[in-house]
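K.L.:
The structure is given below, and queries will be raised subsequently.
No value in this document is a laboratory result; all are computed from the given coordinates. Here the structure is a predicted model, which means the values were calculated and not measured. For neighbour counting, all protein chains shown are included, and Cβ atoms are generated from backbone atoms with ideal geometry for every residue, glycine included.
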Amino acid sequence: EWTTASIVDDQIAKIREQIGDGRAICGLSGGVDSAVAAALVQRAIGDRLTCVFVDHGLLRAGERTQVERDFVAATGVNLVTVDARERFLDALSGVTDPEQKRKIIGREFIRVFEQAERDLKAEGDYRFLVQGTLYPDVVESGGGSGASNIKSHHNVGGLPEDLQFELVEPLRLLFKDEVRRVGLELGLPETIVHRQPFPGPGLGIRIIGEVTADRLETLRAADAIAREELTAAGLDRDIWQCPVVLLADVRSVGVQGDGRTYGHPVVLRPVSSEDAMTADWTRLPYDVLERISTRITNEVAEVNRVVLDVTSKPPGTIEWE
Ligand code: XMP
């Protein structure tokens, strides 16, 4: 019988066979796939695995802690965090074009990650690189389907040739729901296992306009409120994801207390979907929308208006950039 436990045992045996007494590196993104891949390899080879987490400063509130504290607590894995926030902000300074942002974030990410890999390799004989490639990724990148290239998905890209790692891909035959079950079987926290999709370029593509430290702080606060209220309303499993987008180049007049404000709108983009290829806007309950709106406008100083995106995909993509 093909149970989750037998998938785990089987993969651990395969990983041990492949890696032998060697060492492996794994990049963590905060997402489910890399977390489960790393947890599997950790089970197989213990502290001969080192994970690398790049904080590019475009993360949501609490995401770094989730990796540094919760993932490490659940797995006992060796973790190196690279704080690259300044570097990404510098690289993004003055940039407003969405594809340009994606290219810059992707490029910087690879540079930072490669440097971390080189540093590790200088310390020990790390020959293996763990990747959370899933079965659909394998099919998609092989098939070269056009739809996935509408936006350049930087974390599903080719590896540089000079790095010379042998790849370890323990999730290569699994679909997402199987990966989640494996994650739970390995004792990973629900917050990681059931995390909704979040794009590699992070909040960088949810600020319409230039990405700055202040704007990131504003968006992070608004996003945290929306997520808190959706979770409190028990809606996490009903929604595919709910991007919160800061219209940083748009201002509108508002009134708060007896003062006139001239702030920015944020857009709520709740969507329902099976696979992100198509999506419908989610009919969130009005009382939940109201709580989100009231809290964001009360608690986030720069934001004086909350609007709802009621566009399906197509014609709108899920993300705004
Ligand atoms: P779109 O905006 O194309 O998004 O409808 C479809 C799904 O993909 C996510 N997304 C990304 N994921 N790197 C990622 O890993 C990216 O560059 C990226 N861009 C979009 C998006 O959040 C949605 O789930």
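K.L.:
Given the pairs 14/176; 121/176; 176/313, which are separated by over 28 angstrom at their Cα positions?
P.N.:
121/176
K.L.:
Turning to a different aspect of this structure: Report the Rg/Rh value for the stretch 4-193, based on alpha-carbon coordinates and the Kirkwood definition of Rh. Working shown, then result.
P.N.:
Numbers: Rg = 16.5 Å, Rh = 17.3 Å.
Ratio of gyration radius to Kirkwood radius: 0.95.
K.L.:
Would you be so kind as to identify which of 5, 201, 179 lies farthest towards the positive end of the dipole of the chain, taking Lys and Arg as +1 and Asp and Glu as -1 on Cβ and the Cα centre as origin?
P.N.:
The one lying farthest along the dipole's positive direction is 201.
K.L.:
Also, I was wondering about something else. Would you mind putting 41-49, 253-261 in packing order, based on average other-beta-carbon counts within 10 Å, highest first?
P.N.:
41-49, 253-261
K.L.:
If you don't mind, there's one more thing I want to ask. How many times 2.2 N^0.38 Å is the alpha carbon radius of gyration of the chain?
P.N.:
Taking N as the residue count of the chain, the ratio is 1.04.
K.L.:
Here's another thing I want to ask about it. Roughly how many nanometres apart are two label points built 7 Å out from the Cα toward the Cβ at residue 13 and residue 115?
P.N.:
The modelled label-to-label distance comes out at 4.3 nm.
K.L.:
I would also like to ask the following. Show me the ranking of peptides 282-288, 115-121, 65-71 by mean Cβ neighbours inside 10 Å, starting with the highest.
P.N.:
Highest to lowest by the protection proxy: 65-71, 115-121, 282-288.
K.L.:
Using only C-alpha positions, report the orientation-averaged shadow area of the convex hull of the stretch 230-321, nm², one decimal.
P.N.:
The number I arrive at for the stretch 230-321 is 6.4 nm².
K.L.:
For the chain, what does the helix formula give at 222 nm: sum of -39500 (n - 2.57) over DSSP H segments with n ≥ 4, over the residue count, nearest 500 deg cm²/dmol?
P.N.:
Value at 222 nm, helices only, nearest 500: -12000 deg cm²/dmol.
K.L.:
If you don't mind, another one. If you average the C-alpha positions of the stretch 89-117 and of the stretch 248-304 separately, how far apart do those two centres end up, in angstrom?
P.N.:
28
K.L.:
Under a cut-off of 18 Å between alpha-carbon atoms, report the aspartates and glutamates in cross-link reach of residue 103, not counting same-chain residues fewer than 8 places apart.
P.N.:
Residue 103 reaches 55, 86, 90, 114, 210, 319, 321.
K.L.:
Given an 8 Å cut-off on Cα distances and at least 6 residues of separation, report the relative contact order of the stretch 206-308 as a percent. Provide the component values of the computation, followed by the final result.
P.N.:
Working: 160 pairs, mean separation 30.6, N = 103.
Normalised by residue count, the contact order of the stretch 206-308 is 30 percent.
K.L.:
Something else about it: Subtract the Cα-Cα distance of residue 123 and residue 47 from 0.36 nm times their separation in residues, and report this length gain in nm to one decimal. Could you put the intermediate results ahead of the total?
P.N.:
Details: separation 76, 0.36 × 76 = 27.36 nm, distance 1.42 nm.
Between residue 123 and residue 47, full extension yields 25.9 nm more.
K.L.:
Of the beta bridges DSSP finds with both residues in the chain, what % are antiparallel, to the nearest 5?
P.N.:
So the antiparallel bridges amount to about 35 percent of the total.
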